[in-house]
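The values are calculated or read from the model by the stated rules, or taken from the named source; none is laboratory data. These numbers come from a predicted model, not from an experiment. Glycine also receives a Cβ, built like all others from the backbone with ideal geometry; neighbour counts cover every protein chain displayed. For accessibility, only protein heavy atoms count, side chains too; no ligands or nucleic acids. Shrake-Rupley method; radii C 1.70, N 1.55, O 1.52, S 1.80 Å.
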Amino acid sequence: MSQLTHVDAAGAARMVDVGGKTPTAREAVATGRITMSAEAARAIAEGSAKKGDVIAVARVAGIMAAKRTSHLIPLCHPLPLTKITLDLDVDDSGVTATATVATDGKTGVEMEALTAVGVALLTVYDMAKAIDKAMEIDGIRLLEKRGGKSGDWSAPR
């Protein structure tokens with residue numbers, strides 16, 4: 001179990017001690033997608049969904065979620081985020097969300113980027129479910145991370 005940083009020698013969950021680490025610039029990019037009917041995608045693109053501007057609300061929800069990740073994921077450290085961007089691109093069959101999160105800190109922001117994407121897509125679902133209850137969220141994944149002891153990483157393309 002020594003490879004699992006959130007598990008101690010006895011197998012119990014623990015929060016990683018980052019106290020001795022030097023703060024560095026860190027950034028993570030995550031993405032995900034919600035697929036839906038053409039009717040739902042059109043309503044979102046046109047801004048005609050009954051609940052309002054789906055993209056604007058989903059963007060704010062994702063940004064708020066990134067800021068609250070340590071409250072949602074039990075072993076995440078609270079981080080002073082320096083940047084959160086959330087792009088939501090609508091096409092004929094759905095919405096793709098891409099979040100970029102940065103900090104100058106002692107631990108990475110991968111979970112914050114992934115949380116931003118997940119909550120943004122759940123918000124899209126919530127706001128458009130009256131049009132299409134069969135929407136599917138998938139492909140939530142880390143695309144890249146920069147900084148920290150483990151260095152830079154990019155997902156295989």
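Okay, here's what the table says:
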quantity: Dipole axis of the range 47-157 (+1 Lys, Arg; -1 Asp, Glu on Cβ), positive-most option in 155, 113, 124; calculated: 113
quantity: Nearest-20 debye value, the chain charge dipole, Cβ charges on Lys, Arg, Asp, Glu; calculated: 460
quantity: For residue 53, net neighbour charge (Lys/Arg +1, Asp/Glu -1) across residues whose Cβ lies under 13 Å away; calculated: +2
quantity: About the Cα centre, charge dipole magnitude for the range 1-94 (Lys/Arg +1, Asp/Glu -1 at Cβ), debye; calculated: 380
quantity: Set of lysines with alpha-carbon distance to residue 133 below 19 Å, sequence-local pairs under 8 removed; calculated: 50, 51
quantity: Cα principal axis extents for the range 75-127, largest first, Å; calculated: 41, 19, 13
quantity: q = 0.12, 0.15 Å⁻¹, the chain: log10 I(q)/I(0) [Debye, one scatterer per Cα]; calculated: -0.56, -0.79
quantity: Ellipticity estimate at 222 nm from DSSP helix runs (n ≥ 4, -39,500 (n - 2.57)) divided over the chain, nearest 500; calculated: -9000 deg cm²/dmol
quantity: Projected label distance in nm at residue 50 and residue 75, using a 7 Å step from Cα toward the beta-carbon; calculated: 4.3
quantity: Percent carbon-and-sulfur accessible area, the chain, ignoring ligands, DNA and RNA, probe 1.4 Å; calculated: 56
quantity: Globularity index of the range 102-156, i.e. its alpha-carbon radius of gyration over 2.2 N^0.38 Å; calculated: 1.48
quantity: FRET efficiency, 1/(1 + (r/R0)^6) with R0 25 Å, evaluated for residue 64 and residue 9 via beta carbons; calculated: 0.10
quantity: Cα lying deepest toward the dipole's positive end in the range 14-138, options 96, 47, 77, charges on Cβ; calculated: 77
quantity: Cβ crowding within 10 Å averaged over residues, with 101-107, 140-146 ranked highest first; calculated: 101-107, 140-146
quantity: Gain in span if fully extended, residue 39 to residue 16, counting 0.36 nm per residue against the direct Cα distance; calculated: 3.7 nm
quantity: log10 of Debye I(q)/I(0), alpha-carbon scatterers only, for the range 30-123 at 0.18, 0.19 Å⁻¹; calculated: -0.74, -0.80
quantity: Spatially proximal lysines relative to residue 67 (Cα-Cα < 19 Å; intrachain offsets below 8 disregarded); calculated: 83, 106, 145
